[in-house]
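The values are calculated or read from the model by the stated rules, or taken from the named source; none is laboratory data. The structure displayed is predicted, hence computed values, not measured ones. Cβ atoms come from the backbone with ideal geometry, glycine included; neighbour counts cover every protein chain shown.
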Amino acid sequence: MLKEALKNYHIILASGSPRRHKFFHDLNIEFEVHLKPIKEEYPDRLKHFEITNYLAQLKSLPFLDELADNDILITSDTIVWHENKALGKPRTLDEAFDMLRSMSGKTHEVITSVCLRAKNYQKTVYDITKVTFKEFSDEEITYYVDNYDMMDKAGAYGIQDWIGLIGVTKLEGSYFNVMGLPTHLLYKTLMDIANRTI
């Protein structure tokens, strides 16, 4: 449906994430990947979804002068929000261990914002999913950190990985949002654009 609805648009995805690429393919969206490096920094005053909204919009700024009339640029950002603090991607294995230890036996939120920018307008949407973990042993966390690639994932885990299979005891919201893209929200927003309700 989206392929037909968006036939007059050129979709640009500014993300190197293989998971997001697969989501776009699965949604039957024709798209081009175009990446521009930015420093993912945000003001300390920002909290919660304000952070992901800001970063998703920030990632779109280098493209502003290049957008054609039929272009829709899509940028996004995901964080884990836990105990009033944003957890991004870990920089070291020790940091990954500490993140998972801090979330063990508790509930955290995964927040993803998606910015859709065209030449003459911008729309930013976000989604929040609550994830509850069982109490992990240090051995379980060490096994995951040593055997799985989590360095490119906010909060140092992928819900689709082993740690998600053994550790998630409750999920409130979109599973795919935790993987890095609220696909239901992206679909709705793109359909609204195609139907010119935005």
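The residues on offer are Ser113, Ser102, and the sole one that is in contact with a His (Cβ under 9 Å, 6 or more places away or on another chain) and either among the small types (Gly, Ala, Ser) or in a loop (DSSP other than H, G, I, E, B) (or both) is Ser102.
Of the candidates Pro62, Pro18, the single residue that is more than 24 Å from Tyr175 (Cα to Cα) and out of contact with any strand residue (DSSP E or B) (no Cβ under 9 Å at 6 or more places or on another chain) is Pro62.
Scanning region 167-176 for residues that are surrounded by fewer than 23 Cβ atoms within 10 Å (Cβ to Cβ) and part of a helix (DSSP H, G or I), we see that the one that is farthest from the chain's Cα centre (by Cα) is Tyr175.
Checking Ala156, Ala96, Ala118 one by one, the residue that is among the hydrophobic types (A, V, I, L, M, F, W, C) and at positive phi is Ala156 and no other. Looking across Leu100, Leu46, one residue alone is surrounded by fewer than 16 Cβ atoms within 10 Å (Cβ to Cβ) and at pLDDT 95 or above. It is Leu46. If we keep just the residues of region 49-88 that are touching an Asp or Glu at 6+ places or on another chain (Cβ under 6 Å) and either of a type in the set (Gly, Ala, Ser) or within 30 Å of Glu139 (Cα to Cα) (or both), which is surrounded by the most Cβ atoms within 10 Å (Cβ to Cβ)? Filtering first and then ranking leaves Ala56. Give the residues of region 1-30 that are among the charged types (D, E, K, R) and either within 25 Å of Lys130 (Cβ to Cβ) or assigned to a helix (DSSP H, G or I) (or both), sorted by residue number. Listed by number, the residues that qualify are Lys3, Glu4, Arg19, Arg20, Lys22, Asp26. Got at least one residue in region 126-138 being at pLDDT below 95, of a type outside the set (S, T, N, Q) and either in contact with an Asp or Glu (Cβ under 7 Å, 6 or more places away or on another chain) or under 21 Å from Phe176 (Cα atoms) (or both)? No.
If you go through region 31-90, how many residues are assigned to a loop (DSSP other than H, G, I, E, B), touching a residue at least 60 places away in the same chain (Cβ under 8 Å) and over 14 Å from the mean Cα position of the chain (by Cα)? Give the derivation first.
Step one: list which residues in region 31-90 are assigned to a loop (DSSP other than H, G, I, E, B), which gives 34-48, 67-70, 82-85, 88-90.
With touching a residue at least 60 places away in the same chain (Cβ under 8 Å) added as a condition, the list becomes 48, 70, 82, 88-90.
Restricting the remaining residues to those that are over 14 Å from the mean Cα position of the chain (by Cα) gives 70, 82, 90.
So the count comes out to 3.
How many residues does region 119-171 hold that are of a type in the set (Asp, Glu) and closer than 17 Å to Ala86 by Cα? So that I can check it myself, show each step before the final result.
Our first condition is that a residue be of a type in the set (Asp, Glu); within region 119-171, this holds for 127, 135, 138-140, 146, 149, 152, 161.
Checking which are closer than 17 Å to Ala86 by Cα leaves us with 127, 152.
Going through region 119-171 one residue at a time, the tally reaches 2.
Yes/no per residue for (1) surrounded by 16 or more Cβ atoms within 10 Å (Cβ to Cβ); (2) on the phi < 0 side of the Ramachandran plot; (3) modelled with pLDDT under 95:
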site	(1), (2), (3)
Lys3	no, yes, yes
Asn8	no, yes, yes
Ile11	yes, yes, no
Ser15	yes, yes, yes
Arg20	yes, yes, yes
Glu30	no, yes, yes
Pro37	no, yes, yes
Glu40	no, yes, yes
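Scanning region 177-188 for residues that are buried (at least 18 other Cβ atoms within 10 Å of the Cβ) and either at pLDDT 95 or above or hydrophobic (A, V, I, L, M, F, W, C) (or both) returns Asn177, Val178, Met179, Leu181, Pro182, Thr183, Leu185, Leu186.
Tally the residues that are in a helix (DSSP H, G or I) and within 16 Å of Ser102 (Cα to Cα), restricting the search to region 129-166.
Residues that pass the stated criteria total 12.
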